[in-house]
Amino acid sequence: MVDLVRQASEVQAFFEDRHWHFCFIGGLALLRWGTPRLTQDIDATVYVGFGNEEPAIDELLAQFRARLADAKDFALTRRVVLLKTPGGDGLDISLGGLPFERELVERSSLGDYGDDIRLRTCSAEDLIVLKAFASRDQDWVDVRNVATRQQGRLDWPAIYERLTPLVELKEEPAILTRLKRMERNQA
């Protein structure tokens, strides 16, 4: 995990050199806000809006090795660039375009990861939104871990305000029901 944090610091320097608006999500954010678990990749959101994807994709592909032969086409259609760090770990860069993604990056902050490394991650509330929206079994374990570790410090109304429109788009209201049940059990 220490090596992954160092590699994330190098990725962060790349983003900062370009003045990109970004934050780490996924396992690195979970390390900050929840219970650490083994992760083999670095996940980040870079906010590019709509129509500005191609220059960002080109810069990313020039700096990092692609994991797919058709990485650029994949990124243009799926809004995620699948790369490898110089150390060989996975690097998944989501190309943010939605208002939620812009706000997620705006709300991000620096967290201490030891060895004088500070990484910009999404907030604990936004991590819960992302994990609940993904709604896989491991994501719900992660939501519970963040809620437990951050008990009494989470802004639950903000979580529901951010998650509700995403859930409506996905047409899966059961996500909100499950999260509310989990919140009640935390109280």
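No value in this document is a laboratory result; all are computed from the given coordinates. Please read all numbers here as calculations on a predicted model, not as lab measurements. With ideal geometry, Cβ positions are generated from the backbone for all residues, glycine too; neighbour counts draw on all protein chains shown.
Straight-line reach from residue 84: taking Cα to Cα under 22 Å and skipping same-chain neighbours fewer than 8 places apart, the lysines in range are 72. Taking +1 at the Cβ of each Lys and Arg and -1 at the Cβ of each Asp and Glu, which of 52, 154, 186 sits farthest along the dipole of the chain towards its positive end, judged by Cα position relative to the Cα centre? Projecting each Cα onto the dipole axis, the largest value belongs to 186. For the chain, the Cβ-based charge dipole about the Cα centre amounts to some 660 debye (Lys, Arg positive; Asp, Glu negative; other atoms uncharged). When only the Cβ of Lys, Arg, Asp and Glu is charged (+1, +1, -1, -1), the dipole of the stretch 123-187 relative to its Cα centre reaches about 280 debye.
A straight Cα-to-Cα reach below 20 Å connects residue 180 with the lysines 131, 170, residues fewer than 8 places away in its own chain not being considered. Averaged over residues, the count of other Cβ atoms within 10 Å places the peptides 148-154, 47-53 in the sequence 47-53, 148-154, highest first. Calculated [222 nm] ellipticity per residue, helices only, for the chain: -17000 deg cm²/dmol; basis is -39500 (n - 2.57) per DSSP H run with n ≥ 4, divided by all residues, nearest 500.
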